[in-house]
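Peer 1: Can you read through this structure? Questions will come right after.
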Amino acid sequence: MLSDILAGRIDPIEIATILLALVLGITIHEFAHAFAADRLGDSLPRRQGRLTLSPLAHLDPVGTLLFLVAGFGWGRPVEINPYALRADPRIGHAIVAVAGPLSNILLATLLAIPIRLAPLMPDFPDAAMMILFGVLRFNLILAFFNLIPVFPLDGFAILKGLLPADLAFQFDQTRQWGMLLLFLLVFAGGGVLGAIIGPPISFVMRLLIG
């Protein structure tokens, strides 16, 4: 992707969409984790300066570069102390985890409003529509990708919190293979990952923008 940008094979609107989607999506996602943990009584994210909407606090340099080069990357994970949460540690961690994907779905929902209203405004710029649509789609991809129940994605902590204690303990043993499974998912080809997250993304997009 970065080579296409440098070679001029991606137009400025696409570049603006990629950068805005990346900054907004990751910032909102990580802030939501920090906010949920803080509200549940864990002061660690606040003490580490993560309770902010500044992208500088949430973007990881290597993860951001990989997003631009390979289309896959990450933000700076929010560290939490599950035992400081005003909830069962397993369930509290699940609540903090689900806050990230939910924040991306909420942002996508807000972005759908001007897209829905655009036909009523004949002078609505095409460039603005392209950017809104691209950022909306990126946020849904980020949300549903993170809901996959593979460590270290949010879906792992969410499913662990939903399972009965004995099953949660057994499921936690898959943590050791998480990075390998994630690597295989990402690099096995778009068809595998698309089959997992494509249908829910398409369903939500139809709900939001028709």
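Peer 1: Throw me the Rg/Rh for the chain, computed over C-alpha atoms with Kirkwood Rh, two decimals.
Peer 2: So for the chain, dividing Rg by the Kirkwood Rh gives 0.99.
Peer 1: How large is the charge dipole for the stretch 72-191, taken about the Cα centre, if only the Cβ atoms of Lys, Arg (+1) and Asp, Glu (-1) carry charge, to the nearest 20 debye?
Peer 2: Using Cβ point charges on Lys, Arg, Asp and Glu, the stretch 72-191 gives about 80 debye.
Peer 1: Under a GNM of the chain (C-alpha, springs under 10 Å), which listed residue has the highest mean-square fluctuation: Thr17, Thr174, Thr109?
Peer 2: Its mean-square fluctuation being the largest, the pick is Thr174.
Peer 1: What number comes out for the charge environment of Asp42, summing +1 per Lys or Arg and -1 per Asp or Glu over other residues with Cβ under 15 Å away?
Peer 2: +2
Peer 1: So for the pair Asp11, Thr52, with labels modelled 7 Å out along Cα→Cβ, what separation do we get in nm?
Peer 2: My value for the distance between the label points is 3.7 nm.
Peer 1: Rounded to the nearest angstrom and ordered from largest down, what semi-axes does the equivalent ellipsoid of the stretch 81-148 get from its C-alpha gyration tensor (root of 5λ)?
Peer 2: 35, 11, 7
Peer 1: Please tell me the relative contact order of the stretch 2-209 in percent, rounded to the nearest whole number, where contacts are Cα pairs under 8 Å and at least six residues apart.
Peer 2: With pairs under 8 Å counted, the relative contact order is 20 percent.
A short reminder: the numbers here are calculations on the coordinates, not readings from a lab. Predicted model only: the values in this text are computed from it and were never measured. Glycine also receives a Cβ, built like all others from the backbone with ideal geometry; neighbour counts cover every protein chain displayed.
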